[in-house]
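To keep things clear, I will list the structure first and then write my remarks on it.
The values are calculated or read from the model by the stated rules, or taken from the named source; none is laboratory data. Just so we're clear, the structure is a prediction, and the values are computed from it rather than from any experiment. Cβ placement follows ideal geometry from the backbone for every residue including glycine, while neighbour counts extend to all protein chains displayed. Calculation scope for accessible area: heavy atoms of the full protein, side chains included, ligands and nucleic acids excluded. Shrake-Rupley method; radii C 1.70, N 1.55, O 1.52, S 1.80 Å.
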Amino acid sequence: MTFRAKHLLGIEPLHPDEITTVLDLADSYVELSRQAKKHSDVLAGLTVINMFFENSTRTQASFEIAGHRLGADVMNMAMQASSIKKGETLIDTALTLNAMHPDLLVVRHPHSGAVNLLAEKVNCAVLNAGDGLHEHPTQALLDALTIRRAKGRLHRLNIAICGDIAHSRVARSNILLLGKMENRIRLIGPPTLMPAQIEEFGVEVYDDMRAGLAGCDVVMMLRLQKERMDGGFIPSQREYYHRYGLDAEKLSHAKPDAIVMHPGPMNRGVEIDGTLADDINRSVIQEQVEMGVAVRMAAMDLLAQNLRNRRREAAA
Ligand code: NCD
C-alpha cells in the first residue's frame, strides 16, 4: 500500500502514488455505493467526529454518509451552537474532543492553517474539509476521480480553472494535484481575482475566456466567493457573467468533448449558465457529488488503516 500519511491536511505533501491509491480505492467505493446494500464495516467500532466551523451542505453531508457507509459511529458537532461562541479556543475544543477518543476528526475552519494546528494537538487522524484560503484536499481528489473516469486518464490533459482563483482553496488544491499528475493547467479570470506570482506554480494565466479555453479537455468553474470579498474585485455581476460566465458559446472554444465541472454551490447566471450546468452531455457536476462520497470513504479507510497500524506498533 502506498498511502502512509497520518492525516489528510492537504494535497501538497502527497506523492502521486498516494493520490492514485486513494483514487483506485475510491473507484471500488463508487461500485459499493451503487449497490442496493451499500454497506461495509471497515470502520466498525471507530468514531468519526465532524466539526464544521463554516457552513457546508455537500461536504458535510458527504463525509457523514461516507462514515456511515463504512460502519463508523458518526457524530456531527453543531459548531455554530458550541462553546466556541462562549469564547473557548480552538485548542481547548480540540483537547475536549480528544478526551472523547475519536478516531477520525473531519474539520472545516475559516482560517488557513487552523486544521494543521489542530492535528498537532490530537491523537486521532485529521481530515481537512477546507481551511480558509489554504486547501480542500478531498475536493481536489473527487475532482481528479471525476476527470479520470470521464477522460480515461489523469495526465497530459489541458485543464482550465476559471473565475475566482484568489479566494479559492479548491483552486489551490486542484493546481497542486493536477500539477503533480503532469497536466497542463490554465487559470482564467480577471487580474483582480488572480493571486500574485501564481505563475510560479507552473500554470498559464489568461484573462480572456475564449483564448484560455481553446483546446481544453476540462473546464472547471469556481464560485465567485462574495463572502470573502470586501468590494472592488469585479465591476458588477452582470459584467462578470458577460466576460467570465461559462455559456455554450464560450464553451465552444474548448474541445468538442470537454467536460464542465463546478464544486458547488453554484451561482447560476454569475459564473455559469444554469442550462449548461444541467446539460448532462457536458456537465459532470452531479458526478462530482457522487465521487465525493466515494473519495471520502477511501480517504477515511486509508487513514484508519494507518491509525490501526500505528496503534498496533505502539502496543507491541
Ligand atoms: C467549496 C468550498 O467550500 O471551498 N465548496 C465545496 O466544498 N463544495 C467551494 C465554494 O465554497 O465555492
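Filter the range 224-256 down to the residues that are farther than 15 Å from GLY269 by Cβ and within 16 Å of the ligand (Cβ to nearest atom) and list them by number. Selection gives GLN225, GLU227, ARG228, MET229, PHE233. Of all the residues in the range 35-70, those that are among the β-branched types (Val, Ile, Thr) and away from the ligand (no atom under 16 Å from the Cβ) number 4.
Quick check on this structure: which one of ALA129, ALA66, ALA119 is outside any helix (DSSP H, G or I), touching a strand residue (DSSP E or B) at 6+ places or on another chain (Cβ under 9 Å) and closer than 20 Å to LEU14 by Cβ? Before you say what the answer is, go through the steps one by one.
Details: ALA66 fails: outside any helix (DSSP H, G or I); ALA119 fails: outside any helix (DSSP H, G or I).
Testing whether each residue is outside any helix (DSSP H, G or I), touching a strand residue (DSSP E or B) at 6+ places or on another chain (Cβ under 9 Å) and closer than 20 Å to LEU14 by Cβ leaves just ALA129.
From the list ILE188, ILE198, pick out the single residue that is β-branched (Val, Ile, Thr) and buried (at least 23 other Cβ atoms within 10 Å of the Cβ).
On the way: ILE198 fails: buried (at least 23 other Cβ atoms within 10 Å of the Cβ).
Just one listed residue meets the conditions, ILE188.
Remark: pairs (first residue in the range 5-17, within 12 Å of THR138 (Cα to Cα); second residue open to solvent by 30 Å² or more (accessible area, probe 1.4 Å); Cβ separation under 6 Å; 6+ apart in sequence or on different chains) = LEU9/ASN116.
Restricting to the range 6-45, and then to whatever is among the small types (Gly, Ala, Ser) and in contact with a helix residue (DSSP H, G or I) (Cβ under 7 Å, 6 or more places away or on another chain), can you tell me which residue is surrounded by the fewest Cβ atoms within 10 Å (Cβ to Cβ)?
So the first thing to find is which residues in the range 6-45 are among the small types (Gly, Ala, Ser), and the list is 10, 26, 28, 33, 36, 40, 44-45.
Next, only the ones that are in contact with a helix residue (DSSP H, G or I) (Cβ under 7 Å, 6 or more places away or on another chain) stay: 10, 26, 33, 40.
On the way: GLY10: 21, ALA26: 27, SER33: 18, SER40: 15.
Per the criteria, the residue is SER40.
Across the range 144-154, the qualifying residues are those that are in a helix (DSSP H, G or I) and open to solvent by 10 Å² or more (accessible area, probe 1.4 Å), and the one among them that is farthest from the ligand (Cβ to nearest atom) is LYS151. Of everything in the range 271-280 that is farther than 18 Å from LEU213 by Cα and not hydroxyl-bearing (Ser, Thr, Tyr), the residue that is most open to solvent (accessible area, probe 1.4 Å) is ILE280.
In the range 224-241, what residues are among the charged types (D, E, K, R) and either within 21 Å of the chain's Cα centre (by Cα) or closer than 30 Å to LYS151 by Cα (or both)?
Quick first cut of the range 224-241, residues among the charged types (D, E, K, R) only: 226-228, 230, 238-239.
Selection gives LYS226, GLU227, ARG228.
Note on the range 155-165: among residues that are in contact (Cβ under 8 Å) with a residue 60 or more places away in the chain and surrounded by fewer than 24 Cβ atoms within 10 Å (Cβ to Cβ), the one that is farthest from GLU31 (Cα to Cα) is ASN158. Say whether the condition of being free of Cβ contacts under 8 Å to residues at least 60 places away in the same chain, under 21 Å from GLN139 (Cβ atoms) and not hydrophobic (A, V, I, L, M, F, W, C) is met by at least one residue in the range 255-262. Yes, there is a match, as at least one residue in the range 255-262 is free of Cβ contacts under 8 Å to residues at least 60 places away in the same chain, under 21 Å from GLN139 (Cβ atoms) and not hydrophobic (A, V, I, L, M, F, W, C).
The residues of the range 242-256 that are crowded, with 16+ Cβ neighbours inside 10 Å, more than 24 Å from the chain's Cα centre (by Cα) and not in a loop (DSSP other than H, G, I, E, B) amount to a single one, LYS250.
Of all the criteria given as (1) open to solvent by 40 Å² or more (accessible area, probe 1.4 Å); (2) in contact (Cβ under 8 Å) with a residue 24 or more places away in the chain; (3) away from the ligand (no atom under 16 Å from the Cβ); (4) not charged (D, E, K, R), the one not satisfied by ALA99 is (2). In the set (1) in contact (Cβ under 8 Å) with a residue 40 or more places away in the chain; (2) farther than 17 Å from ARG169 by Cα; (3) surrounded by fewer than 21 Cβ atoms within 10 Å (Cβ to Cβ), the condition left unmet by MET229 is number (2). Assessment of the range 46-59 against the conditions (at pLDDT 95 or above and open to solvent by 60 Å² or more (accessible area, probe 1.4 Å)) yields no matching residue.
Looking at MET221, MET266, MET261, which one is open to solvent by 40 Å² or more (accessible area, probe 1.4 Å), within 16 Å of the ligand (Cβ to nearest atom) and within 20 Å of the chain's Cα centre (by Cα)? Explain how you work it out, then say what you get.
On the way: MET221 fails: open to solvent by 40 Å² or more (accessible area, probe 1.4 Å); MET261 fails: open to solvent by 40 Å² or more (accessible area, probe 1.4 Å).
The conditions single out MET266.
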